[in-house]
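Okay, structure first, notes after.
The values are calculated or read from the model by the stated rules, or taken from the named source; none is laboratory data. The structure displayed is predicted, hence computed values, not measured ones. Note: ideal-geometry Cβ built from the backbone for every residue, glycine included; neighbour counts use all protein chains shown.
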DNA sequence: CTAAATACCTGATGGC
DNA sequence: TGCCATCAGGTATTTA
C-alpha cells in the first residue's frame, strides 16, 4: 500500500484515537515482521501516548518512556476497529484502547515493522540517515540539484532514495517525473537546475494533492476508518501502459528500473 | 564512495 | 477448476 500520502492519511486517521490516550494493552499475535517485534513494545501501554507523528513513511507513537516505530511495508495498514469485531488474518499487532476501540496493524506480506526505541527517536538507525521531508522547506530545487551532481543513477532511482528525500515511492516517482517533463531514465547528473526546480515542485505538488485527497487506493489499502481511499483515477501515467497520454495521446510506455515498474510518455518527457 | 543485486512474504491475477 | 508463473505501492542489507 503505502506511499507517503497513505501513511499520512493513516497517521491522521489514528491520531484522534491515540493522542493523549492511555493504551490498555499491546497484543502481539505474530512477531515475525521484517524485524521481530520486541517484547519491550508493551511499554507503549505503560504511559499515555503523547505524540502521533510521521517521519518519511514511518509512523511514530511516542510516550514518556520511548517510541513505537511503525512501517507499513508493501502491504501493511493500520485501522480502527471496535473490539467486538473479530480480528482478521494478518492482524499481527493490536493496541487495545479504553473506549472499546482497537488499533490493528495488518500486514499480509510482513515487510513492515513495529519496533520500540528508547531515547530520541530521530537517533534510531532507521531514521538517523533520512533525507528531508518533501513538504518541508529544506526540500528545494537547489537542494535537489546539488544532490544530483555526480550521480549517474536514473533520476527516478535517485528521488526514491530515502537518503536524498523521504516519501517518494514508485507511483509518485513516475507521476512527478511526468509532470516535470523529465524521462525517468535520465542520469541524475544530467538534470539542469531548471529541471531540478521543476521536479522539486512537482514532487511537492503531487504528494500534497494526494494527501488532500486521502491517498491512493491500489489493491488492499484500507484507511484507518476502514474505508478505501479514492485517488487512483487521477494518476497520469502509473499503471497506464498503452493508454494514450492525457497530454499528447502518445501511448504510455512501461519499463523496469531498479526492479520497479516505471511509466512515462516518450513524447512529453525528455 | 557509488551502484546494482538480493532479501524478506503473501496474495491477486492471468494463461493454460 | 486447478496449477503455475508473474507481479505487487518498500527499503535495509549485501555484493561488486
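A few remarks follow.
- Total residues in segment A:25-72, condition surrounded by fewer than 19 Cβ atoms within 10 Å (Cβ to Cβ) and on the phi > 0 side of the Ramachandran plot: 0
To keep it simple, each residue is scored yes or no on (1) outside the structural domain of residue A:168 (by TED's automatic domain parsing); (2) under 21 Å from residue A:160 (Cβ atoms); (3) out of contact with any strand residue (DSSP E or B) (no Cβ under 6 Å at 6 or more places or on another chain); (4) modelled with pLDDT of 95 or more.
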| position | (1), (2), (3), (4) |
| --- | --- |
| A:227 | no, no, yes, no |
| A:230 | no, no, yes, no |
| A:233 | no, no, yes, no |
| A:237 | no, yes, no, yes |
| A:245 | no, no, yes, yes |
| A:250 | no, no, yes, yes |
| A:258 | no, yes, yes, no |
| A:269 | yes, yes, yes, yes |
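Residue-wise test of (1) in contact with a strand residue (DSSP E or B) (Cβ under 6 Å, 6 or more places away or on another chain); (2) closer than 27 Å to residue A:160 by Cα.
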{"position": "A:3", "(1), (2)": "no, yes"}
{"position": "A:6", "(1), (2)": "no, yes"}
{"position": "A:21", "(1), (2)": "no, no"}
{"position": "A:24", "(1), (2)": "yes, no"}
{"position": "A:33", "(1), (2)": "yes, yes"}
{"position": "A:45", "(1), (2)": "yes, no"}
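- You will find that of A:139, A:145, the residue that is touching a residue at least 24 places away in the same chain (Cβ under 8 Å), surrounded by 12 or more Cβ atoms within 10 Å (Cβ to Cβ), assigned to a loop (DSSP other than H, G, I, E, B) and more than 11 Å from DNA strand B (Cβ to nearest atom) is A:139 and no other.
- Test: residue in segment A:37-54 that is within 16 Å of DNA strand B (Cβ to nearest atom) and at pLDDT 95 or above: yes
- Taken as a whole, the condition of being over 20 Å from residue A:10 (Cβ atoms) and free of Cβ contacts under 8 Å to residues at least 60 places away in the same chain applies to residue A:158.
- Among residues of segment A:87-106, those that are away from DNA strand B (no atom under 16 Å from the Cβ), in a loop (DSSP other than H, G, I, E, B) and on the phi < 0 side of the Ramachandran plot, counted: 2
- Within segment A:174-190, tally of residues that are within 22 Å of residue A:208 (Cβ to Cβ) and either free of Cβ contacts under 8 Å to residues at least 24 places away in the same chain or more than 16 Å from DNA strand C (Cβ to nearest atom) (or both): 4
- Counting the residues of segment A:102-125 that are surrounded by fewer than 19 Cβ atoms within 10 Å (Cβ to Cβ), farther than 18 Å from residue A:43 by Cβ and over 14 Å from the mean Cα position of the chain (by Cα) gives 5.
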